[in-house]
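J.: Got a structure here, written out as structure tokens. Questions coming.
The values are calculated or read from the model by the stated rules, or taken from the named source; none is laboratory data. For clarity, every value in this text was computed on a predicted model and none was experimentally measured. FYI the Cβ positions are ideal-geometry reconstructions off the backbone, even for glycines, and counts take in every protein chain you see.
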Amino acid sequence: MNNRTPFYRNTYRRDDLILRRKKIAASIPDGDVALFVGAPATGAFDVFRQYNDFYYLTGTEVPHSYLLISGDTAECTLFLEPLDSRMERSEGPMLSLEDASAIYQLTGIEHVKPRHSLKAACAHANAVWFPNENQESSQACQDTIRHAFHSKTTDPFDVAVTRQEMVASELGLRQTPKNCLTAQLNSMRLIKDSTEVRWMRRAGELTARAVNLAMKSTKPGMFEFQLGAIADAVFLTGGATRGGYRPIIATGENIWNAHYFRNNTVLSDGELVIMDYAPDLHYYTSDIGRMWPVNGSYSAVQRELYGFIVEYHKLLLDTIAPGLTPEEIHEEARVKALPLIDGWSWSRDVYRQAGIRVAEFTGHCSHTVGMAVHDNGSYFGRPIEPGLVFALDPQMWVPEENLYIRVEDTVVITEDGYLNVTADAVLELDDVEGLMAQVPVFDELMPACRNSTEES
């Protein structure tokens, strides 16, 4: 046991973790403490993933761990279980109660105590603060968690009690809006530091590589999920743990459903396919959207509509600048788009009207991106600033024909402009067709996949 090296992912710099916890301490009164609940152990040998907020503050991945931050001194205590030799023989060493010295060196957390002493530690505080939002875990963001929790609360046979509520009840605490740290955490996570940007750049590079390889491998007769398998191969060989969110890989009529997820339809000649999928790399992801022709050549209408969205996307990118609000970006882009709309060769008036609606729509500067694909915190109504990361997601709807067209990239605001972390994904229509004309990579694998699916 003397040669134990407990697993630690080393995503963050020690000083960054310390600074984050100090910000939490400064946001609560003297005499109070902040409590953060870690994720429970997974079942059925699933890979454990820590809650995002907990990982953001500690960098540790131990099930059933708890973090207490003092409002008086900003000192921190991590509550863990003792070393489990039997479990370590099975799964390898993980941080435990006996690793206090190593934890301090890695994270700057001053104290490590047994989990059973948590209740007594909280009892000495005037008040206990913690996030009231349900915590994000693997492939989940606050949007999906809220939806799932709403479904639970409307089903009388389901359990609508969160882990945090259980902890609060056990400790004799009350969850109140007054003692909620959600807003503080959201504000902190909204602006990424240099380390976070580095991980997001790497996630974006993997994302682009996956999309390009999927394009190159696409042909009629494949299934949507087979493109997802190609992306997964790129993610895992590139160091990611898994996909960062549920993949959207849709063709034909499925594209109309913006968050389609079944991915079990065969790709047909003449149809488009859209891919929206990115990795979970050191707890960070990106977001992307590309549409390409299944047969390798855009039809005239596909060129007309997707080509317009690509041009509008580039126009939006050229408009982004620190200091502007999202609303100002949309307005500037709208004005710039008028000559584009007037000069475009529209084959039908309904398409032209759809192009006008694109310019008028004010949601193309979309959700934030970070530890979750729909990350925490809102940036609307305020000037964008360096470190902000969001999805640029121009969209077109033609309801008369159930057509939905979009392109998407993940942008990081910098001091003098922006960085498009998914820019390596082929965008221009001619470049897409040129890439798809190359020799496919997965021909030997795909027939076997196709046959096994058909037999089932």
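J.: Considering only residues that are over 27 Å from residue 129 (Cβ atoms) and hydrophobic (A, V, I, L, M, F, W, C), look in region 2-47 and name the one that is nearest to the chain's Cα centre (by Cα).
T.: Here the answer is 47.
J.: Quick check: anything in region 61-75 in contact (Cβ under 8 Å) with a residue 12 or more places away in the chain, out of contact with any strand residue (DSSP E or B) (no Cβ under 8 Å at 6 or more places or on another chain), part of a loop (DSSP other than H, G, I, E, B) and buried (at least 23 other Cβ atoms within 10 Å of the Cβ)?
T.: No: zero hits.
J.: Of the residues 416, 349, 393, which single one is in the same structural domain as residue 279 (by TED's automatic domain parsing), among the charged types (D, E, K, R) and surrounded by 18 or more Cβ atoms within 10 Å (Cβ to Cβ)?
T.: Unique residue meeting the criteria: 393.
J.: Do we have residue 86 as basic (Lys, Arg) and either touching a Cys at 6+ places or on another chain (Cβ under 6 Å) or surrounded by 14 or more Cβ atoms within 10 Å (Cβ to Cβ) (or both) here?
T.: no
J.: Scan region 200-217 and tell me whether some residue there is over 30 Å from residue 398 (Cβ atoms) and either part of a loop (DSSP other than H, G, I, E, B) or in contact with a Lys or Arg (Cβ under 8 Å, 6 or more places away or on another chain) (or both).
T.: Taking every residue of region 200-217 in turn, at least one turns out to be over 30 Å from residue 398 (Cβ atoms) and either part of a loop (DSSP other than H, G, I, E, B) or in contact with a Lys or Arg (Cβ under 8 Å, 6 or more places away or on another chain) (or both).
J.: How many residues, within region 415-426, are in a loop (DSSP other than H, G, I, E, B) and either of a type outside the set (A, V, I, L, M, F, W, C) or out of contact with any Lys or Arg (no Cβ under 7 Å at 6 or more places or on another chain) (or both)?
T.: 7
Results for (1) of a type in the set (A, V, I, L, M, F, W, C); (2) over 23 Å from residue 164 (Cβ atoms); (3) modelled with pLDDT of 95 or more, shown as yes or no for each residue.
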| site | (1), (2), (3) |
| --- | --- |
| 63 | no, no, no |
| 73 | no, yes, yes |
| 84 | no, yes, no |
| 87 | yes, yes, no |
| 92 | no, yes, no |
| 96 | no, yes, yes |
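J.: Something else about it: Suppose the filter is in contact (Cβ under 8 Å) with a residue 40 or more places away in the chain and either out of contact with any Gly (no Cβ under 9 Å at 6 or more places or on another chain) or at positive phi (or both); does residue 315 pass it?
T.: Judged against the criteria, residue 315 is not a match.
Results for (1) in a loop (DSSP other than H, G, I, E, B); (2) out of contact with any Pro (no Cβ under 9 Å at 6 or more places or on another chain); (3) β-branched (Val, Ile, Thr), shown as yes or no for each residue.
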{"position": "228", "(1), (2), (3)": "no, no, no"}
{"position": "235", "(1), (2), (3)": "no, no, no"}
{"position": "253", "(1), (2), (3)": "no, yes, no"}
{"position": "270", "(1), (2), (3)": "yes, no, no"}
{"position": "274", "(1), (2), (3)": "no, yes, yes"}
